[in-house]
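To start, the structure under review is shown below, and the notes come after it.
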Amino acid sequence: MTATLTLKPGRERSLQRRHPWVFSGAIDRLAGDPADGDLVDVHAAGGNWLARGVLNRRSQIAVRVLSWEPREQIDPAFWQRRLERAAAARAALERDPATSAYRLAHAESDGLPGLVVDRYADYLAVQFLALSAERYREAIVGALAGLLPCRGIYERSDVDVREQEGLEQRTGLLWGEAPPHPVPVSENGLHFLVDVQAGQKTGGYLDQRENRARLPAFCREAEVLDAFAYNGAFGVYAASGGAAQVTFVDSSAPALELARQNLSANRLDPRGHEFVEGNVFSVLRGYRANGRRFDVAVIDPPKFAPSARDVERAARAYKDVNLLAFQLLRPGGVLFSTSCSGAVSADLFQKILFGAALDAGRDAQIIGVLHQSADHPVALTFPEGTYLKGLICRVW
Ligand code: SAH
């Protein structure tokens, strides 16, 4: 028998709209003495069955809903069906010979709460972000092993959010053979070497794939700044589009080494480009002081606002770095600016860029809107799934 969780009066609305989370404050009572990680049937105060999900009292999100069907069993076949649906949604990517790295499963928005699966050619990288996925590791790995041609499945649950779920960080081989270092992948016909075992996230920032594809069109003979470059993905696209010189700036030396290798992997000579290890804020201030200018600037910072509490501080940091970028661009130059903070809305981000342009004394026009790539979908029932946004601006 599945245990029963009853909500406080009036707290059933979000579940009726198929939002997949029950916050701890919405719970009235639990019957059947379930342990964290067990399934519970969620009922409205009046007794109506609403949903079935995984209980975790250690988290603010006390239940993550797995099913809206009273008769649906949460068995290995359930995970198989959900993962097959996620894979079917990416069938065009799977067939595309130009791209072998993409997100196969995007958590809540794919009906797979707390589960992220990224594909890097013959290897899958998995993150169990919440107990709702952790609890079913074997069933999930079993289903993944048969889903696509695959040589190995590697766990990258080395993420802070697990602490909020009462889970420890974890990495290691789950199935098959360990991904070699590096794993060669392709993206829109370009080649990248990815560190699946120890790179940032699961190795790469796959969410920017469609945004990166828009960059080369602006780069012919341009001097390009790739700030927060990581493995140089944006800069490699810029160089492939005929940039005169790309300046890669990142605080991580291993990341810049990857950027060098990724240029070479595309027969682009790293010696024609510049690699600057340092803090973007101070490096760009130095450029401003020295009169250094660029034709194109990519500003792709890490998540400055991990939660809603950090929005004000994050807004100042986004404004600072974009102000510098506006000041460094030649008239007619192009800014690619993004934010991956879910707590900073697209609307707020546009206002931040507006403030930065105003303070820089520059005219700017929006000529493109950026967002997370299609393999990082947002379920309409789960607007929290939107996190990556950005603008392409022409700057005068
Ligand atoms: N543009 C990359 C992803 C960038 S992720 C892509 O498309 O794949 C953010 C990067 O910023 C990380 O590589 C991190 O090392 C770097 N970073 C974070 N804070 C920084 C700072 N203050 N100065 C320089 N680099 C920073």
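Computed quantities for the displayed model
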read-out	value
Candidates Ala259, Ala213, Ala227, filtered to the one that is closer than 30 Å to Ala105 by Cα and either near the ligand (Cβ under 8 Å from one of its atoms) or among the polar types (S, T, N, Q) (or both)	Ala227
Some residue of the stretch 235-244 being crowded, with 23+ Cβ neighbours inside 10 Å, among the small types (Gly, Ala, Ser) and under 16 Å from Ser337 (Cα atoms)	yes
Matching residues, the stretch 188-199, being surrounded by 16 or more Cβ atoms within 10 Å (Cβ to Cβ) and either within 10 Å of the ligand (Cβ to nearest atom) or of a type in the set (A, V, I, L, M, F, W, C) (or both)	Leu190, Phe192, Leu193, Val194, Val196, Gly199
Filter result for Asn290 (more than 13 Å from the ligand (Cβ to nearest atom), of a type in the set (S, T, N, Q) and under 26 Å from the mean Cα position of the chain (by Cα))	no
Every residue from the stretch 262-280 that is within 9 Å of the ligand (Cβ to nearest atom) and among the small types (Gly, Ala, Ser)	Gly278
Search result, residues across the stretch 263-302 that are within 28 Å of Tyr387 (Cβ to Cβ) and touching a residue at least 60 places away in the same chain (Cβ under 8 Å)	Phe294, Val296, Ala297, Val298, Ile299, Asp300, Pro301, Pro302
In the stretch 254-275, residue nearest to Gln197 (Cα to Cα) [restricted to those that are touching a Leu at 6+ places or on another chain (Cβ under 8 Å) and surrounded by 14 or more Cβ atoms within 10 Å (Cβ to Cβ)]	Leu258
Filtered residue count, the stretch 230-241, keeping only those that are near the ligand (Cβ under 7 Å from one of its atoms) and within 15 Å of Leu193 (Cβ to Cβ)	3
Filter result for Phe336 (within 25 Å of Asp207 (Cα to Cα), of a type in the set (Phe, Trp, Tyr) and surrounded by 14 or more Cβ atoms within 10 Å (Cβ to Cβ))	yes
Checklist (1) among the basic types (Lys, Arg); (2) part of a strand (DSSP E or B); (3) within 9 Å of the ligand (Cβ to nearest atom) applied to Arg330, failing item	(3)
Strands (runs of 3 or more DSSP E) wholly inside the stretch 1-112 containing at least 1 residues that are surrounded by 20 or more Cβ atoms within 10 Å (Cβ to Cβ)	3-7, 21-23, 39-43, 49-55, 61-67, 101-106
Single condition Pro377 does not satisfy, out of (1) within 16 Å of the ligand (Cβ to nearest atom); (2) within 28 Å of Leu104 (Cα to Cα)	(1)
Identity of the residue in the stretch 307-327, in contact (Cβ under 8 Å) with a residue 60 or more places away in the chain and within 14 Å of the ligand (Cβ to nearest atom), that ends up surrounded by the fewest Cβ atoms within 10 Å (Cβ to Cβ)	Val321
Condition broken by Val283, with the remaining ones in (1) closer than 28 Å to Arg103 by Cα; (2) of a type in the set (A, V, I, L, M, F, W, C); (3) near the ligand (Cβ under 9 Å from one of its atoms) satisfied	(1)
Hey, Phe234 at pLDDT 95 or above, under 16 Å from the mean Cα position of the chain (by Cα), at positive phi and aromatic (Phe, Trp, Tyr) or not	no
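The values are calculated or read from the model by the stated rules, or taken from the named source; none is laboratory data. Worth saying up front: this structure is predicted, and the values here are computed from it rather than measured. Ideal geometry is used to build each Cβ from the backbone, glycine not excepted, and the neighbour counts take in all protein chains shown.
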